[in-house]
1. Looking at 36, 5, which is the one that is modelled with pLDDT under 95 and either aromatic (Phe, Trp, Tyr) or more than 12 Å from the ligand (Cβ to nearest atom) (or both)?
2. I'm checking my understanding of the structure. Among residues of region 310-358 that are buried (at least 19 other Cβ atoms within 10 Å of the Cβ) and modelled with pLDDT under 95, which one is nearest to residue 297 (Cα to Cα)?
3. Go through (1) more than 15 Å from the ligand (Cβ to nearest atom); (2) buried (at least 16 other Cβ atoms within 10 Å of the Cβ) and name the single condition residue 72 misses.
4. Condition test on residue 421, is it out of contact with any helix residue (DSSP H, G or I) (no Cβ under 6 Å at 6 or more places or on another chain) and in a helix (DSSP H, G or I)?
5. For region 101-119, enumerate the residues that are of a type outside the set (A, V, I, L, M, F, W, C) and outside any loop (DSSP other than H, G, I, E, B).
6. Can you tell me which residue is nearest to the ligand (Cβ to nearest atom) among those in region 328-376 that are of a type in the set (Gly, Ala, Ser) and not in a helix (DSSP H, G or I)?
7. Tally time: how many residues in region 315-327 are touching a residue at least 60 places away in the same chain (Cβ under 8 Å), within 12 Å of the ligand (Cβ to nearest atom) and part of a helix (DSSP H, G or I)?
8. Looking at region 120-134, can you tell me whether even one residue there is more than 16 Å from the chain's Cα centre (by Cα) and either buried (at least 22 other Cβ atoms within 10 Å of the Cβ) or part of a strand (DSSP E or B) (or both)?
Amino acid sequence: MSLWGGRFSGGPAEEMLRFSESLSVDLEMAVEDIQGSVAHATMLEEVGLLTAAEGTAIRDGLAQVAAELVSGDFQPSIDLEDIHMAVETRLTEIIGEPGGKLHTARSRNDQVATDMRLWLKGRIRLLDGELCRLIGVLLDRVESDGRTLMPGFTHLQRGQPIWLGHHILAHAWAFSRDRERLADALKRVDRSPLGAGAMAGTPHPIDRRRTAELLGFAGIVENAMDAVAARDHQQEVAGLSAILMTNLSRMAEELVIWSTKEFDFVRLSEDVTTGSSIMPQKRNPDAAELVRGKAGRVHGAVTALLSMVKNLPLAYNRDLQEDRFVLFDAVETTIASVSMTTRMWAGLTVKRDRYTEALKGDFLLATELADYLAAKGVPFRDAHHVSGSLVKWCEARGENFSALTLPVLQEHHAEFGEDALDWLELESAVERRTSLGGTAWSEIARQVALLRTVIQV
Ligand code: ARG
């Protein structure tokens, strides 16, 4: 007989049991479920709804259930439906009657909402730690290899010369914004629904704030109906995970491109690559490709979570049980992807010469010539045109900018002076970009210091 069996004469069909159980996925939050029950029992005892002996029996019994779940001695069957009923059933088997008092002033609706929030809080902490580790590895990389000249790309076409450190930092800043989003979402996750009951509260003199405090929540969800119905905090965590995965995926895509023979900028370490079962020479960037692919999976979770809630009247509806199948997967996938990206960067070999070779024989300094004239007071639009015609002049001769001489420059514009050719030097072109956020090394060093204080590594 199930815990709600009083008004039923039969039970659900076997197929219904299999269709409706959430136990298989709830087990991921068994620890949180038991934590919630321990705090609830303590509060019930403190307000006089349980005797000290009952409170102790319940807490000891719950500790045993937890141990049995960990050891595998208790393997709940799916006819117990979900983790809440499984824990309570086993507890009552162990301690008898006091077990039946634990459910005073709560319902599975506030229980499940509490468990999910506790689970999310733990994962948010883990994810933030992983992001700090990733940013730390990226900053180390900026310091070790960042002073490598490379083309900065737009449209995947070579654009302007930059230091590699500038490029890596652009990603690091995106990940630091992911951390901000996480910290912000945590504020809304960190509220206790426990004690909301089914939706309407309870006539018993409970102390919801005390339960919240015992569980380490920053506060309570104020409205009991909202407490059991709200899932926007889950959508928010999935949403920020999807954004984070997009940021990771862009970086992964670059690693895929950079590790091709055509680019050959980096070599991924063996621990993140795989071979081919048919082509013996292959070394494939699977870890990066999988990060890219998993981004799609996490994007899907956002749609799933939004659409499973959008037509639900308040308060609890069973549809909500579907949430954790996608949310758990999305969050775990995101954590694993951040960790894998850290591993890729930790073991990466930067082929400094190859980056710099990619600058040769092209017109990456065309902007420099325009900036030279603009610095002399020529309107940038005109200067841009002059520089463009110099590119055309070189191309017509099958040459590049190394063919330019002072007379040729002056033929194109009278403002070109002796020092113009100095502007056609890669490193000084990069080092001139000292504006805030520019690619000059001084700016890179400033940002590295700034990011290190933010992540404290
Ligand atoms: N297994 C349910 C879930 O995960 C727990 C809440 C059940 N509530 C109910 N009214 N049937 O959402």
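The values are calculated or read from the model by the stated rules, or taken from the named source; none is laboratory data. As the structure is a computational prediction, the values presented were derived from the model and not from experiment. Backbone-built Cβ (ideal geometry, glycine too); neighbour counts: all protein chains shown.
1. So the residue among 36, 5 that is modelled with pLDDT under 95 and either aromatic (Phe, Trp, Tyr) or more than 12 Å from the ligand (Cβ to nearest atom) (or both) is 5.
2. Looking at residues that are buried (at least 19 other Cβ atoms within 10 Å of the Cβ) and modelled with pLDDT under 95, I get 355.
3. (2)
4. Yes: the conditions hold for residue 421.
5. Hits for region 101-119 are 101, 108, 109, 110, 111, 114, 115, 117.
6. Out of the qualifying residues, it is 358.
7. Qualifying residue count for the region: 7.
8. no
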